[in-house]
Amino acid sequence: PDVIVIYQESIERISASDDEIKERVREVVFHEVGHYFGLSEKDLRDIED
C-alpha cells in the first residue's frame, strides 16, 4: 500500500497504556509493510517469534 491507515480510536480502545498504543501501532505498521513486500501471515508470525 502507498498509505497505511491507523484507526486511532480502535487502537486506543483496546490499549491500556501509552506504551501499549505504541506497541500496537508498531505491530500494525510491521504487518502492513511485511504484506507489501509479499510476506504471508505465517512469515510474519515466524519473524515475530
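Only the coordinates and a few stated rules stand behind these numbers; no lab work does. No experiment lies behind these values; they were computed from the predicted model shown. All Cβ positions, glycine included, derive from the backbone under ideal geometry; neighbour counts span all protein chains shown.
At a glance:
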| read-out | value |
| --- | --- |
| Tally, over the stretch 5-45, of residues that are of a type in the set (D, E, K, R) and touching a Ser or Thr at 6+ places or on another chain (Cβ under 7 Å) | 1 |
| Scan of the stretch 6-38 for residues that are closer than 14 Å to Glu48 by Cα and of a type in the set (Asp, Glu), ordered by number | Glu23, Glu27, Glu32 |
